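Let me begin by presenting the structure, written as structure tokens, before commenting on it.
The values are calculated or read from the model by the stated rules, or taken from the named source; none is laboratory data. Please read all numbers here as calculations on a predicted model, not as lab measurements. Cβ atoms come from the backbone with ideal geometry, glycine included; neighbour counts cover every protein chain shown. Surface areas here come from the heavy atoms of the whole protein model, side chains and all, with no ligands, DNA or RNA. Shrake-Rupley method; radii C 1.70, N 1.55, O 1.52, S 1.80 Å.
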Amino acid sequence: MADTVKLPEDSFKPMTPADRAALDSEKIAAPSLTFTQDAWRRLKKNRGAWVSLIILAIVFIMAFGSIFVSPHNPNAVNPSYANLPSKIPGIGINGFNGTLVQAGQRIDAYQQAGASSGTYYIMGTDYLGRDLFSRVLYGTRISLIIALVATFFDLTIGVTYGMFSGWKGGRIDTFMQRVIEIILSIPNLVVIVLLILILKPGMTSIIIAIALTSWTNMARLVRAQTMELKSQEYILAARTLGERPLKIAFKHLLPNLSSVIIINTMFTIPNAIFFEAMLSYIGIGISSPQASLGTLLNDGQKNFQFLPYQMWWPALVLSIVMLAFNLLGDGLRDAFDPRTKE
Amino acid sequence: MDNEKDILEVRNLQVDFKTYAGDVKAIRNVSFDLRKGETLAIVGESGSGKSVTTRTIMGLNATNARITNGSIMYKGEDLLKKSEKEMEGIRGQDIAEIFQDPMTSLDPTMKIGRQIAEPLMVHKGMKKEKALAQALEMMKLVGITDAENRINDYPHQFSGGMRQRIVIAIALVNYPEILIADEPTTALDVTIQAQILNLMKELQDKISTSIIFITHDLGVVAGMADRVAVMYAGKIVEYGTVDEIFYNPKHPYTWGLLSSMPTLDTKGDELPSIPGTPPDLLDPPVGDAFAARNQYALKIDTEKEPPFFKVSDTHYAATWLLHPDAPKVTPPEQIVARQKKYAEMQAALRKHQADHTTPVEEEEEQQ
Amino acid sequence: MAKYLAKRIFYLILTLFIVITVTFFLMKLLPGTPLTNQAKLSKSQIALIYQQYGLDKPVWQQYVLYLAGAVKGDFGTSFQFSDQPVSYLISSRIEPSLQIGLQAIIVGVILGIVVGAFGAMKQNTWADTTATIVSILGISIPSFVLAVLLQYYLGLKAGWFPIAEWGGFIYTVLPTLALAFTPLAESARFVRTEMVDVLSSDYIELAKAKGLSRTSVIYHHALRNSLIPLITIVGPLAVNIMTGSMVVENIFSIPGIGEQFVKSVLTNDYPTIMGLTIVYSFMLCVVLLITDILYGIVDPRIRITGKAN
């Protein structure tokens, strides 16, 4: 069957070196990606994580930007403008136009309070006439600060503890793990409450209390991963070559632990935010007049039946921030773990 | 090629995989036959498309695989046209498979007796007790000692070799027409490998099944296979009987494979290897995919894909070197030695046949 | 197994001992006495009260006494209710908390398994997306926010359930739902991940090669192997419910230990706080012990060696 086709005459000359050079035998058609590039490609494809990243960026900018530019002073009391509902310029939908139902009739609360037509409170005001939007921004800032500090301790205490325990192994490891087990055998919130009682309620003690309890999970994960890495050939090689443990830790261990660390951080943050909100909600966290998402929720809950927006707004912001961190964490986990869905 | 004794006929099979970078052409126009009772070995490097071929036969390809062309005829019906329900009836009943790694291919939380009995319960509609009784027989058949007591054990209580025996028992419990063995010994110790191979041969005689034996290890092929197909970059490049492939190979890739296999004659010299790596199937090269690694490559190899040239009735190879116009090349030393040995064998055989022609024919007639 | 059990129980006792010791000395660091909440008292009255609480003895003696009492379940007398022993306060309030907690964990885990398994089986379809949304919302919405919303919309507005107070089963529905949402979400996520993993394993491939139908593959092989590890997260889920119950009980006015804990914290009732801390740790330790043993029973790989790795 080969003979049916007329072949050019020089077809059967051996390949010349030039022909051979033209054939790149090592050609790889797929773009070659490093681990980080590959993870980044996967993360970009994950719409949920991507949107979350943008939302978080906006929330960060607004929360910290409000230090310099805030629509109102979050603590300024203005009793004549008390309990005004949301009014957003240009939106006529009930619930966002400054009207509320009173005694079966929808009335313009702003007019009744004697506010000029140019007065807007995007999220309304609370029972003292404080601007809810400014207070939510302030509360979000506190939540984020606490989250960041918790992350910092997670990274310092948790990672160091985990790496040390996993690297040393043996008795030291067993002892260090027992310590964690004991900490974990008391519900976290109980430990936090005890610490806050000793340290007096307030921002600092919340941060310390959350920091002292949040690192255990990180330590356990890092330890497990370290133990696995420790027996890998390249670490063994570095040890055989007499590299110092500290150098091995930074040069070989940390880069390979980074995905575990980043992913777990993304789950520490919403946890810390949750604890702060809960403590303030109970009344042992941040206390009035300082705003935090927890105290705002508590205030709002009292009037929920009549002025639902006072709780809806902080609840919405709290849930969205937690949701965004969780989605981002999920996205990062999928991105770093090639086994998960494409 | 069309033979009544063929139990499975694969024709012009093409399988693509969708990936982020494009379609990977994993199987590019593969055809082969499996005859009743024979063992066909498919040999090739990892990534040459051996496993994808068998997975396609089983109907168990990954979700991103697409069969773009071809047919797989089994008992006069095209397996590729069958519904999932119909394939469920064929898998484990007519066609069974043994996987590579016995350490992970058994369900860790199910007693092994039950795992062996499952195909009986599914395909033969047996009650559990009866199926377990038959599973016990199968365990004895594959050489598990103290089977009565071990039927209620879990996989982790067995060694790797024993687990592969269990996997074989699962595959053969329904006496399938075709057994696909996908590198069944790769994960095992060398001594255990031999035991498992012997067991497979022994059982093949007992239950007369045809075997497709996937491997990258030519050493294993020699003792197991009747015929061999060599795969490279998603294509079959040469096929023939085991003697033809081992002693009279024609394709430069087969030469490379055989030369890189240590034999008893290998002295202290360095073992030759095939330079380079297989091509990326995302964008397969024009012409012969092996050209870039082939020191005997011709100019036409980069322009046109070689067709199969006939060497003998049973032996075909896809290389332009067999074209009548092609220059004569001398294969590597080791291959020349093999060919010489083959010629001597053939001569001896012819002589032998000439001496005994009449009695042999008579014998056949009597049967 | 017996040896392992003995070891575990020894560790349980050791843990509780450390918890008692640490909380005792932490509480000693705190300012405030039973008298903080009282009007001015004469010196002799103060001495009398100190005697009543045993505060006149040296700290180490107080510690030994406390330890000896704690072993018998006696945690001293409440500061807030000066006539009530802490043990009575706890035992009279533990039942509602246990009931709601158990209901929440059972409802949450069972629904979570259904949602998670469904998501894994219908990977990357609308069902999977729904399952993912449910589970991500579950871990993102704090239980106390959910509790307020449920109370208002299903209790007050729809009038289907009583909003507060404690009575029969109907009173437990809303708090149970509020507490069950997070465990539901957590177990759904866990089961989905685990099952996706299992579904891509070699033994599932072999099960398919046997000719098993999709349903049998899932029912006989995938489900069991993905549900066994779920036992390991029951402990953390219990912690979650204990934490949530502190606020949820408050919102629904349930006379449970969670509500009591918050009340005691706000009134500086140290003996009760200590007693409840010990009770919480005890419950958590028992849950962890039970799940560990259970894991050993259902997973044949651990059964022999008797120890999880």
Screening C:LEU111, C:LEU150, C:LEU137 for residues that are under 18 Å from C:GLY244 (Cβ atoms), open to solvent by 70 Å² or more (accessible area, probe 1.4 Å) and either touching a residue at least 24 places away in the same chain (Cβ under 8 Å) or touching a Pro at 6+ places or on another chain (Cβ under 9 Å) (or both) leaves only C:LEU111
Considering each of B:GLY276, B:GLY256 in turn, give the residue that is surrounded by 11 or more Cβ atoms within 10 Å (Cβ to Cβ) and modelled with pLDDT of 80 or more. B:GLY256
Quick check on my filter: what residues within segment B:100-143 are outside any helix (DSSP H, G or I) and open to solvent by 10 Å² or more (accessible area, probe 1.4 Å)? B:GLN100, B:ASP101, B:MET103, B:THR104, B:PRO108, B:LYS111, B:LYS124, B:GLY125, B:MET126, B:LYS127, B:GLY143
Of the conditions (1) surrounded by 21 or more Cβ atoms within 10 Å (Cβ to Cβ); (2) over 28 Å from C:ASP202 (Cβ atoms), C:HIS221 fails just one. Which one is it? (2)
Tell me whether segment A:255-263 contains one or more residues that are under 24 Å from A:PHE325 (Cβ atoms), within 14 Å of chain C (Cβ to nearest Cβ), open to solvent by 10 Å² or more (accessible area, probe 1.4 Å) and within 23 Å of the chain's Cα centre (by Cα). yes
Look at segment B:1-52 and say how many of its residues are out of contact with any strand residue (DSSP E or B) (no Cβ under 9 Å at 6 or more places or on another chain) and not hydrophobic (A, V, I, L, M, F, W, C). 5
With A:GLN305, A:GLN301, A:GLN290, A:GLN310 as the choices, which residue is open to solvent by 20 Å² or more (accessible area, probe 1.4 Å) and more than 10 Å from chain C (Cβ to nearest Cβ)? A:GLN290
If a residue has to be among the polar types (S, T, N, Q) and in a loop (DSSP other than H, G, I, E, B) to count, how many in segment B:20-40 make the cut? 0
Enumeration of residues in segment A:165-182 that are crowded, with 18+ Cβ neighbours inside 10 Å and under 26 Å from the mean Cα position of the chain (by Cα): A:ILE180
In this structure, is B:ILE57 more than 19 Å from C:SER216 (Cβ to Cβ) and open to solvent by less than 20 Å² (accessible area, probe 1.4 Å)? yes
Somewhere in segment B:4-15, is a residue within 13 Å of another protein chain (Cβ to nearest Cβ) and in contact with an Asp or Glu (Cβ under 7 Å, 6 or more places away or on another chain)? no
For C:ALA127, indicate whether it is of a type in the set (Gly, Ala, Ser) and either modelled with pLDDT of 85 or more or assigned to a loop (DSSP other than H, G, I, E, B) (or both). no
Checklist (1) of a type in the set (S, T, N, Q); (2) within 14 Å of chain B (Cβ to nearest Cβ); (3) crowded, with 21+ Cβ neighbours inside 10 Å applied to C:SER143, failing item: (2)
Considering each residue of segment B:16-41, count those that are among the acidic types (Asp, Glu) and open to solvent by 40 Å² or more (accessible area, probe 1.4 Å), and give that number. 1
Which of the residues that make up segment A:177-196 are without any contact (Cβ under 8 Å) to a residue 24 or more places away in the chain and assigned to a helix (DSSP H, G or I)? A:ARG178, A:VAL179, A:GLU181, A:ILE182, A:VAL190, A:VAL191, A:LEU194, A:LEU195
Got a sec? Which of C:VAL148, C:VAL109 is within 19 Å of C:ALA222 (Cβ to Cβ), modelled with pLDDT of 85 or more and in a helix (DSSP H, G or I)? C:VAL109
Only one residue in C:VAL287, C:VAL239 is within 18 Å of the chain's Cα centre (by Cα), more than 14 Å from chain B (Cβ to nearest Cβ), closer than 30 Å to B:MET110 by Cα and open to solvent by 10 Å² or more (accessible area, probe 1.4 Å). Which one? C:VAL287
Selected residue (criterion: surrounded by the most Cβ atoms within 10 Å (Cβ to Cβ)) from residues of segment C:224-236 that are more than 8 Å from every other protein chain (Cβ to nearest Cβ) and farther than 19 Å from C:VAL286 by Cα: C:SER226
Candidate set: segment B:52-99, residues that are within 14 Å of another protein chain (Cβ to nearest Cβ) and part of a strand (DSSP E or B); chosen: the one nearest to B:ASP23 (Cα to Cα): B:ALA65
Qualifying strands (runs of 3 or more DSSP E) (wholly inside segment B:160-278; at least 2 residues being over 13 Å from the mean Cα position of the chain (by Cα)): B:235-241
Taking segment C:163-213 as the search range and keeping residues that are within 30 Å of B:ILE90 (Cβ to Cβ) and in contact (Cβ under 8 Å) with a residue 60 or more places away in the chain, which one is surrounded by the fewest Cβ atoms within 10 Å (Cβ to Cβ)? C:LEU199
Mind checking which residues of segment A:195-214 are at the interface with chain C (Cβ under 7 Å from one of its Cβ atoms) and either at pLDDT 85 or above or open to solvent by 40 Å² or more (accessible area, probe 1.4 Å) (or both)? A:ILE198
State which residue is farthest from B:LEU321 (Cα to Cα) when the search covers only segment B:279-309 and only residues that are open to solvent by 50 Å² or more (accessible area, probe 1.4 Å) and within 7 Å of chain A (Cβ to nearest Cβ). B:ASP283
Selection count, segment B:213-257, where residues are farther than 14 Å from B:ILE42 by Cα and touching a Pro at 6+ places or on another chain (Cβ under 6 Å): 1
I'd like to know if segment B:73-93 contains one or more residues that are open to solvent by 10 Å² or more (accessible area, probe 1.4 Å), among the β-branched types (Val, Ile, Thr) and touching a Leu at 6+ places or on another chain (Cβ under 8 Å). yes
Conditions (1) closer than 23 Å to B:TYR154 by Cβ; (2) out of contact with any helix residue (DSSP H, G or I) (no Cβ under 6 Å at 6 or more places or on another chain); (3) modelled with pLDDT of 85 or more; number of the one not met by C:ILE304: (3)
Those residues of segment C:249-272 which are surrounded by fewer than 24 Cβ atoms within 10 Å (Cβ to Cβ) and either in contact with a strand residue (DSSP E or B) (Cβ under 9 Å, 6 or more places away or on another chain) or of a type in the set (S, T, N, Q) (or both) amount to C:ASN250, C:SER253, C:THR267, C:ASN268, C:PRO271
Unmet requirement for C:LEU212, which otherwise passes all of (1) within 14 Å of chain B (Cβ to nearest Cβ); (2) part of a helix (DSSP H, G or I); (3) touching a helix residue (DSSP H, G or I) at 6+ places or on another chain (Cβ under 8 Å); (4) at pLDDT 90 or above: (2)
